[in-house]
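Notes follow once the structure below has been shown.
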């Protein structure tokens, strides 16, 4: 029914001019007004659809729709379609993006003290990771993130635990057993330092070149989380996995502080709870995947070695503490992280 037809019908029915105005206002203006009250939350992630880091955003959206129906319009952009990986923090600070998951490497560019979480053997496992970031230490280290990046971390999502993989059979128990091993690492001074701290000879090499380098013997090994190893099929050109667990990595579900601070307190709480639910979903599924992959690699004929992780941790942490990297770390922070149980 057109606006004019409805107007004539209401007049024939005896509606006053005032009632007519109210009726027409309710009929035509209300839906538009309701639509305008929805808060748009744009999410940008480089994750591909099958990645748990992509699926967790759907969990976030579903939880928020249940707890705050009609209040938010959550728009998920995968495959770095909205913003390139690494540019999200700046976009959130500018107000051009509401949410993303940012890495410790992203944060440490503007908050140097956060580089402690890019170092080896700082976080022991997923349980330790969650206790650190959800406790007093997390509250402390996130304060400068909010101040300097203008983003607010809401939850910690597990990214994966890096293990060492070698092209030959080798029984590795301590860092001394990696002496002379040409270990591929990403090409940055921080990554190369980690390779050296592990006891190996680090070699910078692009990720796309690793398979052929392992196949030809240009390198003796590489380090990555087990899901990445399976996806890249590095197990086809390797014979040993050393469960060093030297870097338990995370990304932080974060929101633009400008956007977050403009929300009502009850909305902030609902957004935070939805983010925490999304992170828990991701974490549980990633841990399950990693546990199952050990058996998968064994079935492929690889030898899985469990080294003296305590010896690796002691050696690596000592090397970091004597390095320039550790000079930016707040005094006593490493000890407080180690003390979290």
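The values are calculated or read from the model by the stated rules, or taken from the named source; none is laboratory data. Predicted, not measured: the structure shown is a model, and the values here were computed from it. Positions of Cβ are generated from backbone atoms using ideal geometry, with glycine treated the same way; all protein chains shown enter the neighbour counts.
One table, with the values for the structure above:
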{"quantity": "Residue match in region 21-40 (condition: under 20 Å from residue 263 (Cα atoms), at pLDDT 85 or above and not in a loop (DSSP other than H, G, I, E, B))", "calculated": "yes"}
{"quantity": "Residues (in contact with a helix residue (DSSP H, G or I) (Cβ under 9 Å, 6 or more places away or on another chain) and either surrounded by 18 or more Cβ atoms within 10 Å (Cβ to Cβ) or not assigned by TED's automatic domain parsing to the domain that holds residue 278 (or both)) located in region 79-100", "calculated": "82, 83, 88, 89, 92, 97, 98, 99, 100"}
{"quantity": "Pair list, Cβ < 8 Å and 6+ apart or interchain, from region 290-311 residues that are at positive phi to residues that are at pLDDT 95 or above and assigned to a loop (DSSP other than H, G, I, E, B)", "calculated": "301/239"}
{"quantity": "Residues being in contact with a strand residue (DSSP E or B) (Cβ under 8 Å, 6 or more places away or on another chain), within 18 Å of residue 169 (Cα to Cα) and exposed (fewer than 14 other Cβ atoms within 10 Å of the Cβ) - total across region 181-231", "calculated": "0"}
